[in-house]
Amino acid sequence: MILLRWPTDWNGPKRLRGLLDVGFALYGLLTIALVAAFIVTGLTPHAFAKGFSVLLFIIGSVLAADGVLGLRTGMDRTGKQLRSGRPARVLAGGKLVAGSAAIVLLCIGLAL
């Protein structure tokens, strides 16, 4: 988890955001921008696939980092649910595997 402080109205630790939440928000915004660029500018499908592969890097790196942190600390926060102990380590391992798979897909997409 990371501490993300918004520039305005910081009200204490209620403003904590998980690394995964920030990564998914960034991924969503960039995906919308990529689809809009594909529709508006006539981006080729090959370039769209490469752009989507680069977006997979965001998800893969965030999932891998969150998984490693969850394995080390034994705490996991996904959405609004905080887990600790064994369930957190199992979910962190799953995030690490999913992040590794996304990075493998990134490599495949860039090799196209």
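Values in this text are rule-based calculations from the coordinates and carry no lab data. Nothing here was measured: the structure is a model prediction, and the numbers come from that model. Counting neighbours? That spans all protein chains shown, and the Cβs are built from the backbone with ideal geometry, glycine included.
Take the Cα of residue 50, step 7 Å toward its Cβ, do the same at residue 112, and the gap between the two points is 1.1 nm. Taking K and R as +1 and D and E as -1, what net charge do the other residues with C-beta under 12 Å from the C-beta of residue 59 add up to? Spelling it out: positives minus negatives among the neighbours equals 0.
Provide the packing ranking of 94-100, 48-54, 28-34, i.e. peptides ordered by the mean count of other C-beta atoms within 10 Å per residue, highest first.
With the highest mean Cβ count within 10 Å placed first, the list reads 94-100, 48-54, 28-34.
Which distance in Å, rounded to a whole number, links the C-alpha centroids of the range 81-102 and the range 35-74? The range 81-102 and the range 35-74 have Cα centres spaced 19 Å from each other.
Treating only the Cβ of Lys, Arg, Asp and Glu as charged (+1, +1, -1, -1), what charge dipole size does the range 18-110 show about its Cα centre? Round to the nearest 20 debye. Intermediate values should be presented prior to the final figure.
Working: 8 positive and 3 negative charges, 68 e Å.
Charge dipole of the range 18-110: 320 debye, to the nearest 20.
If the chain linking residue 38 and residue 90 were pulled fully straight, counting 0.36 nm for each residue of separation and taking away their Cα-Cα distance, it would gain 14.9 nm. Computed over the range 50-106, the P(r) curve from all C-alpha pair distances, binned at 10 Å from the origin, holds 29, 45, 21, 4 percent per bin.
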